[in-house]
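Input: a single structure, listed below in structure tokens.
The values are calculated or read from the model by the stated rules, or taken from the named source; none is laboratory data. Given the structure is predicted, the values throughout are model-derived calculations rather than measurements. We place every Cβ from the backbone using ideal geometry, glycine too, and count neighbours over all the protein chains shown.
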Amino acid sequence: MNDHIKYVVKNSIELAKKYEADVEIVELGALLHDIAMPSEIGPREEHNIYGVKITDELLTKLDYPQDRKERVKECVLRHRGSKDLPRNTIEEQCVADADVMAHFDCIPSLFHLAFGKNEMGLSIEDGTEFVKKKLERDYNKLSSRTKEILKERYENIIKVLFIK
């Protein structure tokens, strides 16, 4: 998980600068986007919703300005690509795209998910297909601007990892 957060933060800052977004809001959103995961509060598939509550409590304790806190909370809420939530600001889009991009930076973690403890009970073929489909879904969730930036990299990853 730590590698994932590291890559999300790095990518979100790069996107924020490229897209002229508020870097501080994006960086905080990236740092906090999965904060509910290690806390195990609520079901995993709703970690974005519980993350908003934890983010609110944390930023309130730090006396972070209310208007900016709301923007960070929206980044945390809307980062989930699998929930197909609308991104209303460029900051929300940066965090959501960076979350997807992190999977391309840490591909071994996807294979670990498929094969690590073999909890999914997947064969080599099924696990490999799982990773390929995950990368395809992730790429298709990106904003069109970020998709264009990652197009060549994505195509190369697919070519190298999934040679037929």
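Checking each residue in segment 34-51 for being surrounded by fewer than 20 Cβ atoms within 10 Å (Cβ to Cβ), closer than 21 Å to residue 94 by Cα and not charged (D, E, K, R) picks out 37, 49, 50. Annotation note: of 67, 22, the sole residue that is in contact with a helix residue (DSSP H, G or I) (Cβ under 7 Å, 6 or more places away or on another chain) and more than 22 Å from residue 138 (Cα to Cα) is 22. Answer with yes or no whether residue 59 is surrounded by fewer than 23 Cβ atoms within 10 Å (Cβ to Cβ) and touching a helix residue (DSSP H, G or I) at 6+ places or on another chain (Cβ under 9 Å). Spelling it out, residue 59 is indeed surrounded by fewer than 23 Cβ atoms within 10 Å (Cβ to Cβ) and touching a helix residue (DSSP H, G or I) at 6+ places or on another chain (Cβ under 9 Å).
Of everything in segment 17-33 that is in contact with an Asp or Glu (Cβ under 7 Å, 6 or more places away or on another chain) and at pLDDT 90 or above, the residue that is surrounded by the fewest Cβ atoms within 10 Å (Cβ to Cβ) is 22. Out of 42, 81, one residue alone is closer than 30 Å to residue 161 by Cα, at pLDDT below 85 and not acidic (Asp, Glu). It is 81.
Conditions (1) touching a helix residue (DSSP H, G or I) at 6+ places or on another chain (Cβ under 7 Å); (2) surrounded by fewer than 17 Cβ atoms within 10 Å (Cβ to Cβ); (3) farther than 25 Å from residue 78 by Cβ, marked per residue:
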position: 97; (1), (2), (3): yes, no, no
position: 102; (1), (2), (3): yes, no, no
position: 106; (1), (2), (3): yes, yes, no
position: 125; (1), (2), (3): no, yes, yes
position: 136; (1), (2), (3): no, yes, no
position: 145; (1), (2), (3): no, yes, no
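Here's the yes/no breakdown for (1) at pLDDT 95 or above; (2) over 30 Å from residue 150 (Cα atoms):
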| position | (1), (2) |
| --- | --- |
| 65 | yes, yes |
| 68 | yes, no |
| 74 | no, no |
| 94 | yes, no |
| 101 | no, no |
